[in-house]
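The values are calculated or read from the model by the stated rules, or taken from the named source; none is laboratory data. Note that the coordinates shown come from a computational prediction; the quantities given were computed from them, not determined experimentally. Cβ sites come from the backbone with ideal geometry, for glycine too, and all protein chains shown count toward neighbours. Note: areas computed on protein heavy atoms with side chains; ligands, DNA, RNA excluded. Shrake-Rupley method; radii C 1.70, N 1.55, O 1.52, S 1.80 Å.
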Amino acid sequence: MHKLKDKQLLKNFSYINGSWHSSETNFEVINPANGDVIAKVSNAGIAETELAVNSAKSALKLWSTKSANERATLMRNWFNLMMQHQDDLARILTLEQGKPLAEAKGEIAYGAAFIEWFSEEGKRVYGDVIPAPSGDKRIIVIKQPVGVVASITPWNFPNAMIARKAAAALAAGCTFVVRPASQTPLSALAMAELAERAGIPAGVFNVVTGDDARGMGKVLTQHPDIAKFTFTGSTAVGKSLIAQCASTVKKVSMELGGNAPFIVFDDADIDAAVQGAIVSKYRNAGQTCVCTNRIFVQQGVLVQFTDRFTAAVAELNIGDGLADGINIGPMISKNAVADVNKLVTDSVAAGAKVILGGSTHHQGENFYQPTIMTNVSNDMPIAVNEIFGPVSPIISFTDEDDVLAMANDCEYGLASYFYSRDIGRIWRIAEGLEYGMVGINEGIISNAAAPFGGIKQSGNGREGSKYGLDDYLEIKYLCMGGLDK
Ligand code: NAP
């Protein structure tokens, strides 16, 4: 942390109503690369969370009645500051989360891009005039901010998962409270510092840090003054939070887990498929919701793809994300490593074969070797579960219909990928995949202009794009009558 150019970006208090709040106790933030304590952060609880909700409620009138242009100017300031401080924000992110510094810089730019994009899109919240059934009436539709938005975000993208939500919420005229994952609160607090410098008024963007996920979560899902709850995290936790939101009938959006198929057909450009598989699988040590989870390869190119993919994965450098030339950092914790290792060993017991890696890495207890498995079938633990680690199971297939059935045979529906150069097949597979997002000859698909989100048990709602604002807006119908002379 001593290498930060702007040390004021390192905050360790919650940010509520435009000021920094300490709590009676603190919790430790650990660098997953080496176990060092990098900060002690105020351990806010239910009382501070309620305070943050109250402050967001108080700020709502001021923020929602500003013009879209005024909000856009402040959000643009925020975007500019994030990009000016990209290096420092990335360093903080790598220290608390582990991903390589270059990836962390990419995440800051990606997160900031949502703030920039929605600052502009907020100017285009159009209403509608609908032809009325009788001449003395007019039907008018206006869109208004839903109100106070509460959110809970995960540790794997400590900046971007907040930026994606806050950008759309603030652009729509809502105020915002976030409880970041307790493993990665520092990136959220640095965003708050920059929001303040950008001139975003007190109470509009609040961050409460604490390790009582359940207690704080209850406030954020049940408080009557919160109109909308948005969550990114696991499907299991998401389901319980949806249930909690039912008591006050909140508008809810969920970005949950995935189990992405990555299909390589005989007619694919194999080198492009290898590159696509590497970026979509090994980014963030395999800890992304859109990570490739199952690689299906058609029989005719199975050996060719597997050989080239294995050679490329063997070249990846593993180590502390702050060191030069690192491609894969630590996983978030040793429990995460143990979970991944269990999926590997259980699948080996079921007949799978490890052809690369397959165990922890000598760099330390939080590191796992980039791993490739063959002889995998779609019902093995490594294929059924979201792996969330650097392991690629390869499943062979012969028939297009069979692979589509296997790819869709899961409860998740977030991202999917396939490689083919046959235009008919491209349309058939793209339309047949039961997923919210499909990468076609492309392994990296997310950006601010595109609608990110899942179907089935991967969630609901969309983040990014012109559709992303809808989750933060209410439609109001105005019926104007008595217009006859
Ligand atoms: P998680 O265990 O569900 O945790 C996510 C967040 O929920 C954290 O802030 C966590 O707090 C909090 N939380 C946990 N239990 C809670 C409870 N009972 N009440 C209220 N809050 C609770 O998920 P994770 O392991 O951190 O993140 C990985 C998951 O997120 C994966 O399944 C991944 O696919 C998904 N994800 C989805 C997307 C998407 O856009 N679809 C993006 C990124 C990640 P603590 O950390 O403090 O416990």
Out of the residues in region 220-234 that are β-branched (Val, Ile, Thr) and more than 10 Å from the ligand (Cβ to nearest atom), which is nearest to MET82 (Cα to Cα)? THR230
Condition first: open to solvent by 70 Å² or more (accessible area, probe 1.4 Å) and touching a strand residue (DSSP E or B) at 6+ places or on another chain (Cβ under 9 Å). Now tell me which residues in region 38-51 satisfy that. LYS40, LEU51
Quick one: which residue in ALA188, ALA195, ALA168, ALA163 is buried (at least 23 other Cβ atoms within 10 Å of the Cβ), in a helix (DSSP H, G or I), more than 14 Å from the ligand (Cβ to nearest atom) and touching a residue at least 24 places away in the same chain (Cβ under 8 Å)? ALA195
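crowded, with 18+ Cβ neighbours inside 10 Å, more than 10 Å from the ligand (Cβ to nearest atom), part of a strand (DSSP E or B) and more than 19 Å from the chain's Cα centre (by Cα), is that true of ALA268?
No: the conditions fail for ALA268.
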Which of (1) under 25 Å from ARG308 (Cβ atoms); (2) within 16 Å of the ligand (Cβ to nearest atom); (3) not acidic (Asp, Glu) does CYS410 not meet, given it meets every other one? (1)
Give region 108-150 a look and list any residue that's surrounded by 21 or more Cβ atoms within 10 Å (Cβ to Cβ) and aromatic (Phe, Trp, Tyr), or say none. PHE114, TRP117, PHE118
With (1) part of a loop (DSSP other than H, G, I, E, B); (2) within 16 Å of the ligand (Cβ to nearest atom); (3) within 17 Å of TRP20 (Cβ to Cβ) as the list, and ALA202 as the residue in question, which single condition is left unmet? (2)
Hey, which of the strands (runs of 3 or more DSSP E) in region 275-388, taking only ones fully inside, have at least 2 residues that are open to solvent by 60 Å² or more (accessible area, probe 1.4 Å)? 353-356
Would you call ALA150 within 16 Å of the ligand (Cβ to nearest atom), among the aliphatic types (A, V, I, L, M) and in a strand (DSSP E or B)? yes
